[in-house]
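I have placed the structure first, in the form of structure tokens, so that the comments after it can refer back to it.
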Amino acid sequence: MPTIHLDKLIKRYGDVQVLHGIELEMADNEFTVLVGPSGCGKSTTLRMVAGLEDVSEGEIYVDGKPVSHLEPKDRDLAMVFQDYALYPHMNVAQNISFALRLAKRPKPEIDAKVREVADMVGLTEFLHRKPGALSGGQRQRVAMARALAKDSGIFLFDEPLSNLDAKLRGQMRAELAVMSQRVQKNMLYVTHDQIEAMTLADRIVVMHGGYIQQQGTPEELFKRPINKFVAGFLGSPPMNFLNGQIDERSGAIYVVGDGFEVELEGAKADAARQHSSKNIILGVRPSDLRFDADAPANKSLSLNVMVSEYVGAQSVLLCKCGSAEVMVELNSETPVALGQTLTFAVNPNGVHLFDQDNETAL
């Protein structure tokens, strides 16, 4: 499969610049997910790779060859859109085979390819139905099968699951993950859903404001976010952030803020000790707070419970720590009353520190 290299891509609409020197290389047979909030530039980047948007500056290379001057049909790619884009007067088999028929491939070859991809995405029994007689998930599978039938080297997905309900989205996400392993193609996937990004990607590229904030494996980004934005964007419920100051006493390092005082350990303490400013942001994920009434005060947070959301095996608590809000994941069988003040031990390995001024990780 081809490698894809985006070399300092810039996109302008008139005087407004929406992409600022995107530098990205996608390896052979890699599932790359561009993720970020609306307006971050992820779909614009995908459309530039597809040839649906012009490149203002920079270049797109596929296997070392520049392609930004080529028409979309000449770029050896297939694209799956958010809105399916199926032909309503054609049945499933005709929709899947449309590109092959345009290319005037032999009929036996077309029939074999349709059967192959239909079996791959579970559509064999629906080949004679028209899109109007299919569910949303089945229509999305048809769109994927049509892209697969083209047998391109690169597959582009522009938020393909956004129109599906939550249950079907989860099912299709699992099917897409299995399909990507079977197909062995380069895939570039755009989504605003960080759960999709975490579960599907070989590599996640987090974008914000037209810049790449960080890229790496899901585990790297989750455990070692480069800044506060990445830390807060990945993870559900999101990471908690508490403003504080570094305080050193008797050789120990603390982060002290409104309603809390947490002692740092190991590398975190060393990073705080070497930090040029006393102002710091303490980050801790809801899953790294554990209910423990006997936890020492310097290793825990004392939180006042405002809201308890029951979600099955887990409950998510919305609490107050001083003037800040803190979320906690808790076993739903733990008895909790609203208005209670509870003690939660902080996992020392789950502590993240960020500079208050530029929000970069220490």
### Query
Residues with amide H under 5 Å of Leu353's amide H, sequence separation 5 or more or different chain, H placed in the peptide plane at 1.01 Å from N; which?
Gly283, Leu362
### Summary
Cα-based Rg then Dmax for the chain, in Å, read 24.6, 81
### Task
Please calculate the 1.4 Å probe accessible area of Lys150, with all protein chains present, and give it to the nearest 10 Å².
80
### Query
With contacts defined as alpha carbon pairs under 8 Å and 6 or more residues apart, what's the relative contact order of the chain in percent?
16
### Rg and Dmax of region 240-355, Cα atoms only, in Å
14.3, 45
#### Entry: Karplus-derived HN-Hα couplings along region 225-231 (A = 6.51, B = -1.76, C = 1.60, θ = phi - 60°), whole Hz, x at Gly and Pro
x, 7, 8, 5, 4, 4, 4
### Summary
With DSSP loop assignment and no more than 11 other C-beta atoms within 10 Å, the GluC sites (Glu not before Pro) in region 46-131 are none
### Task
For region 123-266, evaluate the Debye formula with one uniform point scatterer on each Cα (no solvent term) and list log10 I(q)/I(0) at q = 0.12, 0.16 Å⁻¹, rounded to two decimals.
-0.65, -0.95
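Report the calculated FRET efficiency for Asn358 and Val178 (r = Cβ-Cβ distance, R0 = 51 Å), to the nearest 0.05.
It comes out at approximately 0.80.
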### Message
Could you derive backbone 3J(HN,Hα) for region 190-199 from the dihedral phi with the Karplus parameters 6.51, -1.76 and 1.60 (θ = phi - 60°), listing whole Hz in sequence and x where the residue is Gly or Pro?
### Response
10, 7, 9, 8, 5, 5, 4, 4, 5, 8
### Query
In degrees between 0 and 90, to the nearest 10, how far off the longest principal axis of the chain does helix 136-149 point, with axes built from Cα atoms?
60
### Percent antiparallel among DSSP beta bridges (both partners in the chain, rounded to 5)
80
## Note on the structure
For Asp294 the rounded accessible area (nearest 10 Å², probe 1.4 Å, non-protein molecules ignored) is 140
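Given a Förster distance of 22 angstrom, what is the FRET efficiency for Lys8 paired with Glu219, based on the Cβ-Cβ distance and rounded to 0.05?
0.20
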### Task
Would you please calculate the Kirkwood hydrodynamic radius of region 44-87 over all C-alpha pairs and express it in Å, rounded to one decimal?
11.4
### Query
Considering only Cα-Cα distances, which of the following residue pairs are longer than 32 Å: Lys65/Lys167; Lys185/Lys223; Lys104/Lys130; Lys8/Lys113; Lys167/Lys228; Lys73/Lys167?
Lys65/Lys167; Lys8/Lys113; Lys73/Lys167
### Query
At a 1.4 Å probe, what is the % contribution of carbon and sulfur to the accessible area of region 49-131?
52
### Query
Leaving out ligands, DNA and RNA but keeping every protein chain, what accessible area does Arg249 have, in Å² rounded to the nearest 10, with a 1.4 Å probe?
90
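The values are calculated or read from the model by the stated rules, or taken from the named source; none is laboratory data. What you see is a predicted model, and the numbers here were worked out from it, not measured in a lab. Every residue, glycine as well, gets a Cβ built from its backbone with ideal geometry; the counts of neighbours run over all protein chains shown. Please note that ligands, DNA and RNA were not included when accessible areas were found on the heavy atoms of the full protein model with its side chains. Shrake-Rupley method; radii C 1.70, N 1.55, O 1.52, S 1.80 Å.
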